[in-house]
1. Across the stretch A:55-125, how large is the tail of the calculated P(r) beyond 14 Å, expressed as a percent of all Cα pairs?
2. So what's chain A giving for Cα Rg divided by 2.2 N^0.38 Å, two decimals?
3. What number results when the radius of gyration of the protein assembly as shown, computed over Cα atoms, is divided by 2.2 N^0.38 Å?
4. Give me the angle, in degrees from 0 to 90, between the Cα long axis of helix A:116-148 and the longest principal axis of the Cα atoms of chain A, rounded to the nearest 10.
5. Distance check, please: which entries in A:Lys47/B:Lys30; B:Lys30/B:Lys79; A:Lys13/B:Lys30 exceed 29 angstrom between their Cα atoms?
6. Please give the helix A:40-52 orientation as an angle from the longest Cα principal axis of chain A, in degrees from 0 to 90, rounded to the nearest 10.
7. For chain A, set up a Gaussian network in which alpha carbons nearer than 10 Å are linked by springs, and say which option among A:Ala23, A:Ala126, A:Ala46 fluctuates the most.
8. How shielded is A:39-45 by partner chains, expressed as the average number of their Cβ atoms within 10 Å of its Cβ atoms?
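What follows is calculated from the coordinates using simple rules that are stated; it is not laboratory data. Computed from a prediction, not measured in an experiment: that's the story for all the values here. Every residue, glycine as well, gets a Cβ built from its backbone with ideal geometry; the counts of neighbours run over all protein chains shown.
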Amino acid sequence: MTKVDAAIRLTQKLQALGLTITADTRPSAFLAQVMGNQAWEDFWSAKVDEVRRSIQAYVWQGEILPTGRSAPAEAVPGASYIIIAPNGAIIFQYGDSPYVPETPGETPGALTHDNVEQAMEAHAQALAEELALEKLAEAYVAWVAEQVL
Amino acid sequence: MPCLVIIVGSRRLLNTWYSSQPGLGDSSFKPTPMPTGRTHLAAAPLGVGVVGVFGGWGGSGTLPTNEAYSLDTNTWSTKAPMPTARAYLAAAELGDGVAGTLGGSGSGTGMNFNEVYLY
């Protein structure tokens with residue numbers, strides 16, 4: 001996520017609320033204020049890391065799922081993973097995952113014992129990025145309200 | 001036992017809420033919330049006890065997100081995202097665990113998409 005990407009998403013957030021951006025409520029002004037002296041990369045990675053710490057992720061080894069249910073028979077222990085989001089959402093990924101790294105000679109997206117850790121971490125990181133962006137957008141809307149009211 | 005799963009996206013991105021219909025199935029059942037809070041999404045059955053939830057408005061724009069909920073395990077799984085991020089789309093069951101997503105609107109582009117994807 002670049003600073004420009006983030007600014008675009010903040011702009012879209014405001015537009016979705018039916019608000020118009022003025023010189024005083026530009027995303028760049030908000031970002032400059034919340035970043036302080038930090039470089040964008042440092043600021044953003046800290047935000048994502050903060051959210052990532054609130055996400056649980058582990059390789060499923062055949063136990064009962066956190067929902068209290070049994071897994072489907074086709075789920076392979078050691079080649080499936082569970083992610084628990086901060087809102088309590090439970091993701092049980094087995095069989096395939098869009099976060100499996102591409103490996104020549106292997107079925108695209110197929111989870112294996114060898115790639116499950118990498119896919120799980122990429123999945124959790126992507127979730128953390130999206131949630132961090134959502135938090136940033138909420139903070140931006142609150143900041144705009146302060147400027148306007 | 002027939003069971004109705006209700007998927008609700010709200011204007012406040014309340015992470016969506018789902019419930020078995022009172023009086024049908026287990027009334028104490030607590031569905032796990034959706035991983036990605038969003039509004040203006042589309043949903044369609046992907047087979048018995050599985051529903052796919054596509055796109056929508058997230059916290060800061062339209063999403064290509066494609067997630068599936070399984071009633072058997074009460075868990076979600078993430079599927080390959082749609083090629084186009086969009087909200088206000090439609091989804092329909094096409095049979096044999098396949099759904100199509102149609103139309104919708106992208107964020108900031110003012111364009112309406114007319115594409116069909118199969119999952």
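1. On the way: 1345 of 2485 pairs.
Tail fraction, whole percent: 54.
2. 1.31
3. Rounded to two decimals, the normalised Rg is 1.05.
4. Tilt relative to chain A: about 20 degrees.
5. Beyond 29 Å: A:Lys47/B:Lys30; A:Lys13/B:Lys30.
6. 50
7. A:Ala23
8. That average works out to 0.
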